[in-house]
Amino acid sequence: MKFSCYKSDLTEALQFVIRAVAVKPMTPILAGIYLKAEGSMLEIQANNFSTGIITRIPVNTEVSGECVVTGKRFQEFVRNMPDDTITISDEDSANTLAVESGGASVELLTMTASDFPKVKTPETDRSFKIRTTALRDLIRKTVFAVSKDNDRPIFTGCCFEIKGDKISLVATNAHRLALAAEQLNENYPDSDFVVPADTLRGLMLRIDPKDVENYVTINYSTRYLTFTFDNVFVNARLIEGQFPPYDRVIPASSTTNIKVDTAEFKAAVDFVSLMSKETTYNTIKFDFADGGVEISSNSPEIGGAVKNVEAEIDGDELEISFNVDYIVDVLKVIDAKQINIALNDKYSPAAFTEPENENYIYIATPVRT
């Protein structure tokens, strides 16, 4: 096997595929990445049996062939090669892969390609299509809210909920919740399933945010689903269990409604968060009153920080505190110039929405102070 390619293409592909390389492999082959050069394409695979990924990049193939190389080391050396073009070959040895670029070279031991567990297409009986950029936005606006606690696996993924011609993605850790929805191009049977967050984060890396024309096909069954688009195929095992009913945590009404400039609000929160990180519970306080909001945090050991922001307030004045990360995270994904905040009292969940966008809502539970 011998081929050459652009370093940027290979680096991007490996960054995506490496997510399916086993962290603690039962056998050495599961720590490997499968390479197959043929014609004008290089096929790259990784498979840890929970997630399998195939992607393809354009290459100039001189000699067709296949091999398996340790994924992590291969990725590191490719990323640090000096030139824009890389040549890869296993012609000089039956069990080594030579990687060369701009006077730098490395030889890596290879494994038998036939021993690699190729990524297979599982049997699925349902499917739907969605624009790739729409799927990317749904993931971007929800996946940050999943739980990091593996003791409750159902909360470590995003729930896909399909009802007719509408799809919703929901993520929660039981203290906050993010919900984003999108119209589909036709009606589909109602269904729901939970996809691991890491699989979705990986997809975001491979979707071009400027590609507004292409679609991704999603096939799914009771245990697996696949994403297919462009030169990408991802097979993932679904998270077992019943996703909790989330409608009940979305406030039906509010007594205090705020509209504030997103950029100014985010800048103020970022500033005060420098102090809140020194507190025991990473807490930040919001005092909504007199046509504005005072954002503050105090640390007995360090001091205090305050920032005021103008805001439109309709309803009762209110003080409320949150874990600052819960606010910082949602402000990173809000696209609108302004953000709406709906409150009831200092102990009830707050709802964050975008004006003129009924397809997104974020719920955060306050910190009791």
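Listed values, structure above:
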quantity: The chain: most fluctuating residue of Ile302, Ile53, Ile18 per GNM, C-alpha cutoff 10 Å; calculated: Ile302
quantity: Nearest 10 degrees, 0 to 90: helix 7-17 Cα axis against the chain principal axis; calculated: 70
quantity: Highest-MSF residue in the chain out of Ala31, Ala94, Ala350 [GNM, Cα springs under 10 Å]; calculated: Ala94
quantity: For region 164-311, projected area of the alpha-carbon convex hull averaged over all directions, nm²; calculated: 12.8
quantity: Entry for semi-axes √(5λ) of the Cα gyration tensor in Å (calculated from the structure that is shown) out of (1) 45, 24, 18; (2) 43, 28, 22; (3) 38, 22, 19; calculated: (1)
quantity: Net charge dipole size for the chain [Lys, Arg +1 and Asp, Glu -1 on Cβ; Debye, nearest 20]; calculated: 920
quantity: Against the rule of thumb 2.2 N^0.38 Å, how large the Cα Rg of region 42-154 comes out; calculated: 1.41
quantity: Positive minus negative residues near Tyr347 (Lys, Arg vs Asp, Glu; Cβ under 13 Å); calculated: 0
quantity: For Val367, distant residues with modelled amide H under 5 Å away; calculated: Ser321, Phe322, Asn323
quantity: Sorted largest first, extent of region 216-286 alpha carbons per principal axis (Å); calculated: 45, 33, 29
quantity: Two-decimal Rg/Rh across region 137-239, once Rg and the Kirkwood Rh are taken from alpha-carbon atoms; calculated: 0.94
quantity: Crossing angle, helix 262-276 versus the chain [Cα axis fit, 0-90 degrees, rounded to tens]; calculated: 90
quantity: Expected 222 nm ellipticity per residue - DSSP helices of 4 or more, -39500 (n - 2.57), all of the chain, to 500; calculated: -5000 deg cm²/dmol
quantity: Pairs beyond 31 Å (Cα-Cα), from Lys7/Lys163; Lys129/Lys266; Lys24/Lys163; Lys148/Lys266; Lys141/Lys307; calculated: Lys7/Lys163; Lys129/Lys266; Lys24/Lys163
quantity: FRET efficiency for Asp192 and Asn357, using Cβ-Cβ distance with R0 set to 25 Å, rounded to 0.05; calculated: 0.65
quantity: Whole-number percent relative contact order across region 277-369, with pairs defined as alpha carbons under 8 Å at least 6 apart; calculated: 23
quantity: Most positive-pole-ward Cα, Asn173, Gln45, Thr61, against dipole of the chain from beta carbon charges; calculated: Gln45
quantity: Residue order, fewest to most beta carbons within 10 Å, for Leu169, Leu108; calculated: Leu108, Leu169
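Read-outs: derived from the displayed coordinates by stated rules, not from any lab. Fair warning: this is a prediction, and the values are worked out from it, not measured in the lab. Positions of Cβ are generated from backbone atoms using ideal geometry, with glycine treated the same way; all protein chains shown enter the neighbour counts.
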